[in-house]
Amino acid sequence: MPAKRSMKQIERQQRRKDKEEAQEKGKEKGKFEKTIGALDIPEMSSEELMEQLGKMKAITPTGLAIHYNLKVSTAKKLLEDLREQKVVTLASRSRNLKVYALAQ
């Protein structure tokens, strides 16, 4: 027969059990679906993208990222690809910012 446990051991076991249950509840509440910005890249040749770029006075990676819910790095890559395809041209550049314009 196992020895009788002291009150301190019983209390410690109860605290551990409560802590584990709280962590499990926290995990269930804290669940959220991660989305990767690269998955939402619009088609570069789509008419919707060209129409939206035409409406924008200044095309910046940040503006594109906000409009299409992308990461800024993804928007930068998209704009560089469009520049290589000569859809947009680099209008102005500073150390931190590139401003593009739709090619005429």
Residue pairs within 7 Å by beta carbon, gap of at least six or interchain, first lying in the stretch 56-82 and of a type in the set (S, T, N, Q), second at pLDDT below 90 and surrounded by 15 or more Cβ atoms within 10 Å (Cβ to Cβ), listed first then second, are Thr74/Gly37; Thr74/Ile41
Restricting attention to the stretch 73-104, the residues that are surrounded by 12 or more Cβ atoms within 10 Å (Cβ to Cβ), more than 20 Å from Glu43 (Cβ to Cβ) and among the hydrophobic types (A, V, I, L, M, F, W, C) number exactly 4
The helices (runs of 4 or more DSSP H) lying wholly within the stretch 26-104 that contain at least 1 residues that are at pLDDT 90 or above and under 20 Å from the mean Cα position of the chain (by Cα) are 61-68, 72-84
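The values are calculated or read from the model by the stated rules, or taken from the named source; none is laboratory data. This one's a predicted model, so the numbers in the text were calculated from it and none came from an experiment. Neighbour counts are summed over all protein chains in view; Cβ atoms, including those assigned to glycine, are modelled from backbone coordinates with ideal geometry.
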